[in-house]
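The values are calculated or read from the model by the stated rules, or taken from the named source; none is laboratory data. A quick note: this is a predicted structure, and the numbers were derived from the prediction, not measured. Cβ coordinates were reconstructed from backbone atoms using ideal geometry, including for glycine residues, and neighbour counts include every protein chain displayed. To get the accessible areas, we keep the full protein, side chains included, count just its heavy atoms, and leave off ligands, DNA and RNA. Shrake-Rupley method; radii C 1.70, N 1.55, O 1.52, S 1.80 Å.
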Amino acid sequence: MALLLPGGHPAGTRRPSALVALGQRPLARRLARAAGPEGLVTHVVRYRRRGWNGAAADPVRDAEWAADEVVRRYGDVPVCLVGTDMGGRAALHAAGHPAVTSVLALAPWLPAGAPASDAEPVRQLAGRRVLLVHGTNDERTDPDLSFRLAERAKKVNRDVCRFEVHSDGHTLHQHRSEVLALAVDFVRGSLFGHPYARPVTDALAAPPPLGLRMPLASGFGTSLGY
């Protein structure tokens with residue numbers, strides 16, 4: 001099961017626009033094509049509120065509720081949380097749910113400035129496979145903050161890696177095909193036990209900072225058929 005967590009805003013109690021969930025469709029379709037025949041089911045989580053809202057961390061509660069629903073509907077199946085922007089932060093926070101075995105955070109929004117950024121929890125990531133992806137030219141969410149979080153997470157969990165998409169921005173649109181292929185490879189490997197592509201295997205095995213600044217090569221996934 002892959003639960004897709006869309007982006008949002010730092011604050012806001014209104015329900016998010018339906019367009020937010022629609023933004024997850026390209027990834028959901030790519031995952032369904034690649035792993036649907038193996039039994040992969042994808043769901044886009046619809047938040048109750050559009051914002052993170054400080055200590056309330058509303059999207060985290062929604063992600064945990066969705067994971068509970070997976071267990072209720074499907075039984076004991078592994079769950080991969082796939083989050084974008086604010087959803088990336090929510091996925092990282094909700095990783096401690098018993099059903100969650102892996103986390104993919106795309107251009108995650110993290111609080112800016114020490115000590116806030118260094119206070120982000122990482123112990124809940126222990127025992128999970130974790131992949132972060134960030135564009136080096138992201139002007140909306142700071143890629144250095146995701147590196148610092150990955151660096152801290154690597155100390156409590158060896159199965160953490162991070163890819164940098166050079167010259168790409170927040171939406172990762174310039175290298176969209178490679179990013180989607182990387183996401184598919186990680187989800188298939190994490191949920192169904194397929195061998196990861198060599199760059200992912202190398203990134204997981206490499207010590208910091210190498211495995212946390214792994215460049216996403218142009219054309220990634222072409223030979224894999226993703």
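Can you give the charge dipole size of the chain about its Cα centre, rounded to the nearest 20 debye, using +1 on the beta carbon of Lys and Arg and -1 on the beta carbon of Asp and Glu? Provide the component values of the computation, followed by the final result.
On the way: 28 positive and 21 negative charges, 98 e Å.
Taking the Cα centre of the chain as origin, the dipole is about 480 debye.
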**Request:** Please find, in a Gaussian network model of the chain (springs between Cα atoms separated by less than 10 Å), the residue of Gly113, Gly23, Gly12 whose mean-square fluctuation is greatest.
**Result:** Gly113
**Complete:** Largest fluctuation, Phe192, Phe163, Phe147 only, Gaussian network model of the chain with Cα springs under 10 angstrom, belongs to Phe192
**Prompt:** Comparing Trp109, Trp52, Trp65, which has the greatest mean-square fluctuation in the GNM of the chain with Cα pairs linked when under 10 Å apart?
**Reply:** Trp65
**Message:** I'd like the distance between the alpha-carbon centres of segment 201-225 and segment 54-88, rounded to an integer number of Å.
**Reply:** 26 Å
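For segment 98-190, with only Lys/Arg (+1) and Asp/Glu (-1) charged at the beta-carbon, what is the dipole magnitude about the Cα centre, in debye rounded to 20?
Numbers: 12 positive and 12 negative charges, 104 e Å.
Taking the Cα centre of segment 98-190 as origin, the dipole is about 500 debye.
Roughly how big is segment 152-226's charge dipole about its Cα centre, with Cβ charges of +1 (Lys, Arg) and -1 (Asp, Glu), in debye to the nearest 20?
Values: 9 positive and 6 negative charges, 65 e Å.
It comes to approximately 320 debye.
Leaving out ligands, DNA and RNA, what percent of the accessible area of the chain is carbon and sulfur, probe 1.4 Å?
Numbers: 5460 of 10260 Å².
Ligands and nucleic acids excluded, carbon and sulfur reach 53 percent.
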**Fill in**
Taking the chain and counting helices only, DSSP H stretches of n ≥ 4 at -39,500 (n - 2.57) each over all residues, the nearest-500 ellipticity at 222 nm comes to -11000 deg cm²/dmol
**Request:** With a/c under 1.5 counting as rounded, go ahead and sort the chain into rounded, prolate or oblate using the C-alpha gyration tensor (a ≥ b ≥ c being the square roots of the eigenvalues; past the cut-off, prolate if a/b is larger than b/c, else oblate).
**Result:** rounded
**Request:** Calculate, for the chain, the solvent-accessible area per residue in square angstrom, rolling a 1.4 angstrom probe over the heavy atoms of the protein chains.
**Result:** 45 Å²
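Over all alpha-carbon pairs in segment 28-106, figure out the percentage whose distance exceeds 21 Å.
Values: 783 of 3081 pairs.
Here the long-distance tail beyond 21 Å is 25 percent of all Cα pairs in segment 28-106.
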